[in-house]
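Below: the structure, in structure tokens.
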């Protein structure tokens with residue numbers, strides 16, 4: 001292969017592979033984050049105080 | 001309206017969208033187009049087209065789909081109807097039904113060839129029969145006849161349509177998504193395996209006459225003079241257009257199953273780049289390098305001069321694999337298997353919009369909707385099968401698989417940018433986005449992409465025979481425009497067909513088949529338009 005062909009191939013492959021990896025890995029990360037099971041049972045999650053404010057007040061932390 | 005359905009997982013969605021885009025063209029058309037249009041230099045207009053036309057169209061189609069999906073629509077008549085108050089918007093969407101239905105008819109036929117070739121590779125048919133003899137016999141082509149009755153091809157075609165229908169009937173998550181989750185990784189694995197094996201061939205191996213790197217050089221050696229030619233730019237833009245499956249209505253349909261705030265910016269970009277990876281990295285490393293190793297560069301140059309690797313893929317490669325000894329049947333099965341997976345993930349995407357239209361707009365139950373799609377695909381496909389020698393297949397490919405896509409894409413981008421409006425459009429594209437879409441795309445979508453698509457359409461309409469500069473010179477000298485027989489105008493005018501007639505010696509000619517096929521396609525389009533009109537009238541009457 002000529003030097004020009006190698007340069008063209010390497011440049012294009014690098015750009016395409018990098019963009020594919022960058023976008024697809026980000027999809028994988030976001031997907032894993034959204035599908036990660038939250039701790040506790042369904043009942044525990046339902047009864048857990050929602051929001052930082054109520055939780056903080058319950059623990060006696062001043063507003 | 002049908003029950004709201006959604007994608008089971010984000011990975012499934014991206015793989016289904018990428019599977020929709022990855023098709024046979026990634027492996028058969030791209031390398032031949034690159035080699036015929038400037039080699040490595042082709043990649044410059046190709047990537048420019050991807051950024052200025054491909055990505056914007058992907059985002060627009062995903063946005064149109066997700067927007068309309070919130071109103072219970074999953075096919076383009078309803079999706080486009082929701083973009084404005086104009087009564088005619090839904091009729092632009094008819095193009096999205098037309099392309100999916102008619103392209104599926106001949107695409108499923110090609111898909112069935114790949115399945116048949118997997119079978120024949122494994123059973124060793126190509127050890128006894130050369131594919132150059134096998135293929136015409138398989139298609140039922142006989143000298144001087146415009147009609148074919150190929151029993152074996154019909155069997156595989158019916159089997160393929162039935163397989164597609166079965167998967168569609170299983171629904172979004174258990175059918176389409178599952179097929180993509182299985183098919184795409186297998187496709188990548190098969191392609192990578194064959195590429196490594198092919199590129200490691202050396203002169204001295206059985207049957208090898210030249211290094212596969214010579215073939216790779218043929219694809220990648222930049223011939224910069226090609227960059228000045230409109231032909232190269234049009235070829236690159238056209239390749240981007242067809243490889244991404246934009247302008248069909250299938251992306252809209254898949255995106256319509258998204259939730260309101262689900263990301264589209266990152267998902268669309270990811271599916272688009274995944275398709276580019278399969279095309280540029282894997283597609284460019286298979287067909288031409290392997291063929292060059294066994295046939296020599298000159299033969300490959302001659303075979304791909306027209307910009308299609310179809311002949312090499314179906315007629316030549318099965319013979320070449322025979323040199324791989326005990327691995328030959330497996331290699332053949334891997335090659336045609338990957339083409340099959342590339343095909344079925346695309347054909348499912350063509351079936352779903354039709355099924356969704358029948359379900360959403362005409363309240364047809366899913367199983368009956370799938371059966372209707374299967375029946376229509378078989379009926380239209382029968383025309384392609386039985387009139388293949390007369391050119392019916394090529395007519396379907398040209399009018400449905402080429403012209404209609406570009407017309408629809410131009411229509412939808414203008415509607416999105418100018419009727420729906422870029423203010424609302426931009427909100428739609430960026431809502432819930434996991435990727436910061438550069439603000440420049442707001443202007444690119446409104447101004448640059450429509451110009452790009454219009455140039456592709458104009459190029460297809462008036463493409464000259466030979467170089468554009470020569471044709472312009474001839475026009476300026478008063479010699480008229482030399483229409484290419486492959487242009488839209490050339491097809492309509494039957495350019496280059498000096499002996500145009502419907503019958504010769506009392507027997508039908510290819511001209512008759514071509515004109516009859518065009519009439520059929522027009523009738524299908526009008527019929528779908530009538531169905532849309534009926535569906536909307538019915539809804540108006542039922543509205544309280």
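Of all residues in the range B:274-329 being surrounded by fewer than 24 Cβ atoms within 10 Å (Cβ to Cβ) and within 14 Å of another protein chain (Cβ to nearest Cβ), which is modelled with the lowest pLDDT? Looking at the filtered set, the residue picked out is B:297. Checking the structure you have, find out if any residue of the range B:87-104 is surrounded by fewer than 16 Cβ atoms within 10 Å (Cβ to Cβ) and at pLDDT 95 or above. Yes, the conditions are met somewhere in the range B:87-104. Within the range B:418-451, the set of residues being surrounded by 19 or more Cβ atoms within 10 Å (Cβ to Cβ), touching a residue at least 60 places away in the same chain (Cβ under 8 Å) and within 24 Å of residue B:77 (Cα to Cα) comprises B:420, B:425, B:428, B:429, B:430, B:445, B:449.
Please report, ordered by residue number, the helices (runs of 4 or more DSSP H) entirely within the range B:425-511 with at least 2 residues that are under 30 Å from residue B:252 (Cβ atoms) and at pLDDT below 95.
Answer list for the range B:425-511: B:449-462, B:488-493.
Any residue that is without any contact (Cβ under 8 Å) to a residue 40 or more places away in the chain and closer than 18 Å to residue B:168 by Cα - is there at least one of those in the range B:340-359? Yes, the range B:340-359 has at least one match. Within the range B:162-174, the set of residues being at pLDDT 95 or above and in a helix (DSSP H, G or I) comprises B:162, B:163, B:164, B:165, B:166, B:167, B:168, B:169. Against the numbered list (1) at pLDDT 90 or above; (2) away from chain A (no Cβ under 14 Å); (3) buried (at least 24 other Cβ atoms within 10 Å of the Cβ); (4) in a helix (DSSP H, G or I), residue B:271 comes up short only at (2).
Which helices (runs of 4 or more DSSP H) sit wholly inside chain A and have at least 2 residues that are surrounded by 10 or more Cβ atoms within 10 Å (Cβ to Cβ), within 14 Å of chain B (Cβ to nearest Cβ) and modelled with pLDDT of 95 or more?
Ranges flagged: A:3-35.
Here residue B:311 meets the list (1) farther than 30 Å from residue B:449 by Cβ; (2) in contact (Cβ under 8 Å) with a residue 12 or more places away in the chain; (3) touching a helix residue (DSSP H, G or I) at 6+ places or on another chain (Cβ under 8 Å) almost entirely, failing just condition (2). With respect to the conditions (1) within 19 Å of the chain's Cα centre (by Cα); (2) away from chain A (no Cβ under 14 Å), residue B:194 lacks only one, and its number is (1).
Here residue B:59 meets the list (1) within 14 Å of chain A (Cβ to nearest Cβ); (2) touching a residue at least 24 places away in the same chain (Cβ under 8 Å); (3) more than 25 Å from residue B:356 (Cα to Cα) almost entirely, failing just condition (3).
The values are calculated or read from the model by the stated rules, or taken from the named source; none is laboratory data. Please read all numbers here as calculations on a predicted model, not as lab measurements. Here Cβ is always computed from backbone atoms with ideal geometry, including for glycine, and neighbour counts include all displayed protein chains.
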